[in-house]
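What follows is a set of notes on a single structure, which appears directly below.
The values are calculated or read from the model by the stated rules, or taken from the named source; none is laboratory data. Since the model is a prediction, treat every value here as computed from it, not as a measurement. Heads up, the Cβs are rebuilt from the backbone with ideal geometry, glycines too, and the neighbour counts pull from every protein chain shown. Ligands, DNA and RNA are stripped out before the accessible areas are found, and what is left, the full protein with its side chains, is counted by its heavy atoms. Shrake-Rupley method; radii C 1.70, N 1.55, O 1.52, S 1.80 Å.
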Amino acid sequence: QVQFVESGGGLVQPGGSLRLSCSASGSAFGFTHMGWYRQAPGKERELVATITTLGSTNYGDFVKGRFTISRDNAKNMVYLQMDSLKPEDTAVYSCYVKRKIFADDRWGQGTQVTVSS
């Protein structure tokens, strides 16, 4: 059973920044991938960013250099620095992991990010 502790969401004005943090636990072998997905009301869940143990990253097309993902392997933590936020970035952002060995995907409950003036 994977447990998540997500934090950092909130209300920010357009053009502002937020930093999301996620701590994941409950996998004896750790996680190959960690990252973030988001889901806005009435829309499908979409990839924001993922990062592997070796630091290889993958970003959603909409990110366009505005977000930066990082990871602390020793602590099983993943971070998402979000800059130049836009109203269309408003969504619930959920932490994501892929477990080693089992290669299954898990998502946290999410943290709300609202971009509005």
Just the Cα atoms of the chain: what Rg and Dmax do they give in Å? 13.5, 45
Options Pro14, Trp107, Val63, ranked by Cα towards positive dipole end of the chain, top entry (Cβ charges): Trp107
Enumerate the calculated ³J(HN,Hα) couplings along region 39-47 in order (Karplus 6.51 cos²θ - 1.76 cosθ + 1.60, θ = phi - 60°), each rounded to whole Hz, writing x wherever the residue is Gly or Pro. 9, 9, x, x, 10, 6, 5, 9, 5
What's the magnitude of the charge dipole for the chain around its Cα centre, counting Lys and Arg as +1 and Asp and Glu as -1 at the beta-carbon? Answer in Debye, nearest 20. 200
Provide the gained length on full extension for the span Ser116 to Lys43, in nm with one decimal, where the gain is 0.36 nm per separating residue minus the Cα-Cα distance. 24.4 nm
Quick one: with all protein chains in place, what share of the accessible area of region 2-97 is carbon or sulfur, to the nearest percent (1.4 Å probe)? 50
To the nearest 0.05, how large is the calculated FRET efficiency for Phe102 and Ser7 if R₀ is 22 Å and r is the Cβ-Cβ distance? 0.25
Kindly report the accessible area of the chain per residue (heavy atoms of protein chains, probe 1.4 Å, no ligands, DNA or RNA), in Å². 53
Ranked by how many other beta carbons lie within 10 Å on average, peptides 4-16, 89-101 from highest: 89-101, 4-16
Cβ under 14 Å from Ser17's Cβ, Ser17 left aside: what net charge do those residues give with Lys, Arg +1 and Asp, Glu -1? +1
